[in-house]
Amino acid sequence: MPKQNSPGLPEQSCETHGDSMKTFRWSIFSLVVLGALAAFAQTSSNVTVFSTGFSNPRGLKWGPDGNLYVAEGGIGGATSTVGKCDQVVAPVGPYTGGANARISKVTPDGTRSTLVQALPSAEDAMGDILGVADVAFVGTQMYAMLAGGGCSHGHISSPNAILKVNADGSYSRLADLSSYQALHPVASPNPGDFEPDGTWYSLISVGSNLYAVEPNHGEVDEITPDGIVTRLIDVSETQGHVVPTSIARIQNGFYVSNLNTFPITPGSSARYTINNLGGVTKIVTGVTTVVGLVVIGNDTYFLELSTDPGFPEPGKGAVVRLRGAKFTTIASGLTAPTGMTVGADGALYVSNFGTGAPAGAGQIVKITLP
């Protein structure tokens, strides 16, 4: 997820007393998630379980074939690259890697099957997981974005990358994101919470190009059909370490929202507008720990990881709608929600129990809009 560091989430950090910097990761959240599995029945009445059996589900998109495709983080592994390359510093690092991240296909009746398996997954020293971060489609062609790859994540020969995925589950590497970040550093990285290979999170398509959000460094990048990567915006340069996570296309550019740093201050996250030339402006404030963003007509829907002050808690995830200048909570009681998309039926589909739960305990839930 994006790491703050987070559970396969973006990384964020927060100032503690004095001048020290301490990193708070999803591991804090993970400690309480297991005890919350039984609390799922306390979600709002418009939330229903659509599909089950996922391991750290993350980004998800409906394909042109009418099936839902879900990126999964996997469960990490035991392969270490300590002494072979720069590592993520303690207490977050070092990572160990495994090959169990995957992409699942879910039919309209909620039946899950595995399309792609054995992709890079990584677990940090605090138990947080990175794997496949998101998927996107250009026409009928699927693309997937890896966040669990790279030498700093325990994978020497499998960098974070954009993959071109075929209908039979075979794939090829389109772009090497680890190398791009190494060669093109952002202006204001957070040295106390830095991931050399990034913690890529959201991926969308616009025309024939892809746009990827990386939270730890703080950037939005464009990838062409030929695999050429360029930076659309260095968010860190003007906004600092705000941990951008989510992106949606609008008429003359994009909306981007952010997770922000922990401890959580309710209302401290924002929606930014990025124009097609790369300028960024903070437009809307008042949301909290945003990890997903969907625009439907004139309404913007924000997926919030946890809404209360302090640190993420189970059952505190929500979906908030912005209509005009008014925020309305339209779904509540989610636990570790990590990704959101809209279906042809007009409902929202959300990855739930997206981190901290046992293997196979992740869900996709359907949210009927009021």
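The values are calculated or read from the model by the stated rules, or taken from the named source; none is laboratory data. All values derive from a computational prediction rather than experimental measurement. Ideal geometry is used to build each Cβ from the backbone, glycine not excepted, and the neighbour counts take in all protein chains shown. The area values use the complete protein model at the heavy-atom level, side chains included, leaving out ligands, DNA and RNA. Shrake-Rupley method; radii C 1.70, N 1.55, O 1.52, S 1.80 Å.
What number of residues within segment 155-174 satisfy the criterion of being in contact with an Asp or Glu (Cβ under 8 Å, 6 or more places away or on another chain) and open to solvent by less than 10 Å² (accessible area, probe 1.4 Å)?
So the count comes out to 2.
Are there strands (runs of 3 or more DSSP E) fully within segment 266-370 with at least 2 residues that are within 18 Å of the chain's Cα centre (by Cα) and among the hydrophobic types (A, V, I, L, M, F, W, C)? List them.
290-296, 299-304, 317-323, 339-342, 348-352, 362-367
Any residue at all in segment 247-269 that's touching a Gly at 6+ places or on another chain (Cβ under 7 Å) and more than 26 Å from Thr328 (Cβ to Cβ)?
The initial filter retains those residues of segment 247-269 that are touching a Gly at 6+ places or on another chain (Cβ under 7 Å), namely 263-264, 267.
Going one step further and asking which of them are more than 26 Å from Thr328 (Cβ to Cβ), we end up with none.
Within segment 247-269 (the criterion being touching a Gly at 6+ places or on another chain (Cβ under 7 Å) and more than 26 Å from Thr328 (Cβ to Cβ)), the answer is no, since none of the residues qualifies.
Quick test of your reading of the structure: Gln141 fulfils all but one of (1) in contact (Cβ under 8 Å) with a residue 40 or more places away in the chain; (2) closer than 19 Å to Trp62 by Cβ. Name the failing condition by number.
The number of the failed condition is (1).
Give segment 151-166 a look and list any residue that's under 16 Å from Arg102 (Cα atoms) and among the polar types (S, T, N, Q), or say none.
Hits for segment 151-166 are Ser158, Asn160, Asn166.
Suppose we filter Ser157, Ser113 for residues that are small (Gly, Ala, Ser) and not in a strand (DSSP E or B); which single one remains?
Checking each option against the conditions leaves just Ser157.
Which residue out of Val88, Val70 is among the β-branched types (Val, Ile, Thr), open to solvent by less than 50 Å² (accessible area, probe 1.4 Å), in contact with a Ser or Thr (Cβ under 6 Å, 6 or more places away or on another chain) and part of a strand (DSSP E or B)?
Details: Val88 fails: part of a strand (DSSP E or B).
So the residue among Val88, Val70 that is among the β-branched types (Val, Ile, Thr), open to solvent by less than 50 Å² (accessible area, probe 1.4 Å), in contact with a Ser or Thr (Cβ under 6 Å, 6 or more places away or on another chain) and part of a strand (DSSP E or B) is Val70.
Every residue in segment 93-110 that is more than 30 Å from Pro191 (Cα to Cα), open to solvent by 60 Å² or more (accessible area, probe 1.4 Å) and part of a strand (DSSP E or B), please.
Correct list: Lys105 only.
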